[in-house]
Amino acid sequence: MLRFPALVLACLLPIGAQAAPDTAPRPQARITLAQADGSTAGLEHWIINFRARAISKGIEAATLNSVLRNLTYDRDIIRRDRNQSEFTKTIWDYLDTAASDLRVKNGQAALRKHETLLSEIETLYGVDRHIVVAIWGLESSYGAFRGSQPVIQSLATLAYDGRRGDFFEEQLIAALRILQTGDTTAQNMTGSWAGAMGHTQFIPTSYLDYVVDFRGDGARDIWSDDPTDALASTAAYLKAFGWTTGQPWGVEVTLPSDFDYLNANRDIEKLPSVWAEMGVTGTEGRAVPDHGSATILLPGGASGAAFMIFGNFETLERYNTADAYVIGVGHLADRLRGGPVVQSNWPRDDRALTGDERRELQRRLTDAGFDTQGIDARIGPLTINAIRQYQLSIEQTPDGYAPPRLLERLRQN
Ligand SMILES: [Ca+2]
């Protein structure tokens, strides 16, 4: 459920809003119409009805009595919820921030400071410590920005507001369940405005399913300054979603000049050795080792960097499905390990399409006979395939990349 480019660092939002699996640790953005004006009186009335639903799901009256008192309708949260989907960045701008020199430096310091802990976590779960620390770096700048909003009040406001009422009500009930476990108190349960909590920003349902008490001290604590439980839980989450030990998330590659761009498709998987026979190699010119089957991803089109991505890329998508986020985590992890910056140039003169423009692109492609199978402002595999077919029809390189000039071309159809 990630689906909200999150909160956390509003500055670090994934590109393109989309719906995520219900298991993702935090919500991602979605786009729908806003609903009627709310008020604290309206929230109080809503709570009366909510109580019965919560009790039917096992929340005790005593919990509700102590926690749901004196909540206020938070207009600021609703404003943020309605505006967030318009955050749009190009992949290169996103990576500049996600793997900035400062974030790399702070991450390397965190790796040294928590070396023993990270080593234990890596041994137990088999998840590369650099990946765990990179997620920590993107979600909260290594714990510096864990969110200070009272989670119950935020979730109650969002559930009552109704734009994603069912989702947030489920999160609110999960948050109440967490309080009943005694892991924390309502006062300590703080997070982002959308209810993502702690060092690595778990939403309440993911907390219940995946957060661990790593040292067995009796409480699962992702809120305090000590990141032990949060980091272990992040590794546990990735392990639960199939992390393959020793496999990279992806590797930057060089494509041959005669590369058939129709092969850069998430449905076309080959072993690196097979890609190498087709001329696709690491940036140093050698075949990529056979870590498993891989696909080719071109987040900036034919004139940007190319990545060979593996199964672990899909595992990271369970945290957040946006390609930019996954590449951001993977690249930051590589940098933390001492790896280089992205070697290829990006088409930095292009700007990102806005949400409205992405919807217009999908509408115009579909109207022109290139069905995107939905108008959701998300440039996912179906839209990319439609873009490719359109590019072929106008004799352009079918790289599935849609800068503003492609939309302009479509407008002239
Ligand atoms: Ca603990």
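Every condition in (1) farther than 28 Å from D74 by Cβ; (2) in a helix (DSSP H, G or I); (3) touching a residue at least 24 places away in the same chain (Cβ under 8 Å) is met by I152 except one, and the failing one is (1). Cβ-Cβ contacts under 6 Å between residues 6 or more apart (or on different chains), taken from a first residue in the range 210-226 that is assigned to a loop (DSSP other than H, G, I, E, B) to a second residue that is near the ligand (Cβ under 8 Å from one of its atoms) and of a type in the set (K, R), are listed as V211/R220; D213/R220.
Residues checked against (1) in contact with a Pro (Cβ under 7 Å, 6 or more places away or on another chain); (2) assigned to a loop (DSSP other than H, G, I, E, B); (3) more than 15 Å from F259 (Cβ to Cβ):
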{"residue": "E284", "(1), (2), (3)": "no, yes, yes"}
{"residue": "G292", "(1), (2), (3)": "no, yes, yes"}
{"residue": "P299", "(1), (2), (3)": "no, yes, yes"}
{"residue": "F307", "(1), (2), (3)": "no, no, no"}
{"residue": "F313", "(1), (2), (3)": "no, no, yes"}
{"residue": "N320", "(1), (2), (3)": "yes, yes, yes"}
{"residue": "H331", "(1), (2), (3)": "no, no, yes"}
{"residue": "R335", "(1), (2), (3)": "no, no, yes"}
{"residue": "P340", "(1), (2), (3)": "no, yes, yes"}
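Just a yes or no: is a residue in the range 105-124 in a helix (DSSP H, G or I), over 25 Å from A236 (Cα atoms) and touching a residue at least 40 places away in the same chain (Cβ under 8 Å)? Scanning the range 105-124, I find no residue that is in a helix (DSSP H, G or I), over 25 Å from A236 (Cα atoms) and touching a residue at least 40 places away in the same chain (Cβ under 8 Å), so the answer is no. Among the residues in the range 321-331, are any among the small types (G, A, S), within 18 Å of N385 (Cα to Cα), in contact (Cβ under 8 Å) with a residue 24 or more places away in the chain and out of contact with any strand residue (DSSP E or B) (no Cβ under 9 Å at 6 or more places or on another chain)? There is at least one residue in the range 321-331 that is among the small types (G, A, S), within 18 Å of N385 (Cα to Cα), in contact (Cβ under 8 Å) with a residue 24 or more places away in the chain and out of contact with any strand residue (DSSP E or B) (no Cβ under 9 Å at 6 or more places or on another chain). Within the span defined as the range 70-87, every residue fails to be farther than 19 Å from W193 by Cβ, of a type outside the set (V, I, T) and either at pLDDT 90 or above or surrounded by 12 or more Cβ atoms within 10 Å (Cβ to Cβ) (or both). Residues that are touching a Leu at 6+ places or on another chain (Cβ under 9 Å) and assigned to a loop (DSSP other than H, G, I, E, B) were ranked within the range 242-270; the one that is farthest from the ligand (Cβ to nearest atom) is L255.
Being of a type in the set (S, T, Y) and farther than 18 Å from L179 by Cα is the filter; apply it to the range 189-232 and report the residue that is farthest from the ligand (Cβ to nearest atom).
Our first condition is that a residue be of a type in the set (S, T, Y); within the range 189-232, this holds for 190, 192, 200, 205-207, 210, 224, 228.
Checking the rest, the ones that are also farther than 18 Å from L179 by Cα come to 200, 228.
On the way: T200: 14, T228: 6 Å.
Here the answer is T200.
The values are calculated or read from the model by the stated rules, or taken from the named source; none is laboratory data. Because the structure is predicted, anything quoted here is derived from the model rather than measured. Cβ: placed from backbone, ideal geometry, glycine included. Neighbour counts: every protein chain shown.
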